[in-house]
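What follows is a short report on a single structure.
The values are calculated or read from the model by the stated rules, or taken from the named source; none is laboratory data. Note that the structure is a prediction, hence the values are computed from the model and not measured. With ideal geometry, Cβ positions are generated from the backbone for all residues, glycine too; neighbour counts draw on all protein chains shown. Side chains included, ligands, DNA and RNA excluded: accessible areas come from the protein's heavy atoms. Shrake-Rupley method; radii C 1.70, N 1.55, O 1.52, S 1.80 Å.
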Amino acid sequence: MSEKRCISIIGLSPLKSWGMRALLRESWREKVESFSTFKEFFPYAEKMHAFIVSADVYACNIDFFLPKRQKTLMVSKTADYKGEVAGLNIVSDHWDLPEIKEKVDQFLSGIDYIPESKGELSSRETEVLRLIASGKINKEIADALCISVNTVITHRKNLSSKLGIKSASGLSLYAMMNGII
C-alpha cells in the first residue's frame, strides 16, 4: 500500500495500549490511534483500516464490529482462546510475547486482502438480504423479486463482500441485529 494503514486501539488499559502500539510500530510501522472508549473512537471509525479492541468494547458494540470481524483483533482477558473463534481474531493478554507477536503479524498480514466496504447496501441488496434471512433459497428469491438466479447470486456476492459475512446464518444474524428483519 502506498499509504499507511490506520489501526485503532479501543478500550485497552493504558499499559496494554502502549504495549500494543510499540508492537505495531516495531514490526509494521503502522499509524496507530488509541481511544479509551468506543464513544471517543466512533467519529473516526470510517478512517480506520483495522481495530484492536478489548472484549468488553467488542461485546458492547457487536453491531459495529461483527460485520468488520475480519478487520478486528479482540484482546481477551482469559487464556482459553487459541487465536480464532467463529471468524473473530483473538489474542489473550495471558499469552507470552512471541505468541502475541505471531497472532498480531498473522492478523495484520491478512488485512490488505480484505476488500473495503463498497458503501451502504442498495435497496435491492437489502431486499435480497431480507429474503435470505427469512430462509429463502436463490430460486425463491429470484421468483419473489422477478430477477434471474444469477442476479441473486451476484447480490449475495456483493453482500458478502460489503459485510464480510459469507454464510446465510451470518447474514441472517446481521439482518436481525441491524433491524432489516
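Only DSSP H runs of four or more residues enter the estimate; each adds -39500 (n - 2.57), and after division by the residues of the chain the mean residue ellipticity at 222 nm equals -14000 deg cm²/dmol. When the chain is treated as a Gaussian network with alpha carbon springs shorter than 10 Å, the biggest mean-square fluctuation among R25, R130, R156 belongs to R25.
Taking N89, N138, N150 as the candidate residues, the one with maximal mean-square fluctuation in a Gaussian network model of the chain, Cα springs under 10 Å, is N150. On the basis of the beta-carbon distance and an R0 of 41 Å, S109 and C60 show a calculated FRET efficiency of 0.90. Quick one: of K31/K71; K16/K101; K47/K101; K77/K166; K39/K157, which pairs are farther than 20 Å apart, Cα to Cα? As for pairs spanning more than 20 Å Cα to Cα, those are K47/K101; K77/K166; K39/K157.
Checking understanding here: applying a Kyte-Doolittle mean of at least -1.0 and a length along the axis of at least 18 Å (C-alpha), which whole DSSP H helices in the chain pass? Those that clear 18 Å and a mean of -1.0 are 14-27, 97-111, 149-163.
If you roll a 1.4 Å probe over the heavy atoms of the protein chains, what accessible area per residue do you get for the chain, in Å²?
Value for the chain: 56 Å² per residue.
Could you tell me the calculated FRET efficiency between E33 and K68, based on Cβ-Cβ distance and R0 = 22 angstrom, to the nearest 0.05? The calculated FRET efficiency here is 0.90.
As a calculated quantity, the FRET efficiency between M176 and N150 at R0 = 25 Å, using C-beta atoms, amounts to about 0.35. When the accessible area of the chain is split by element with a 1.4 Å probe, what percent falls to carbon and sulfur? C and S fraction of accessible area: 55 percent. For the chain, a Kirkwood radius taken over Cα pairs fed into Stokes-Einstein (25 °C, viscosity 0.890 mPa s) yields D = 139 µm²/s.
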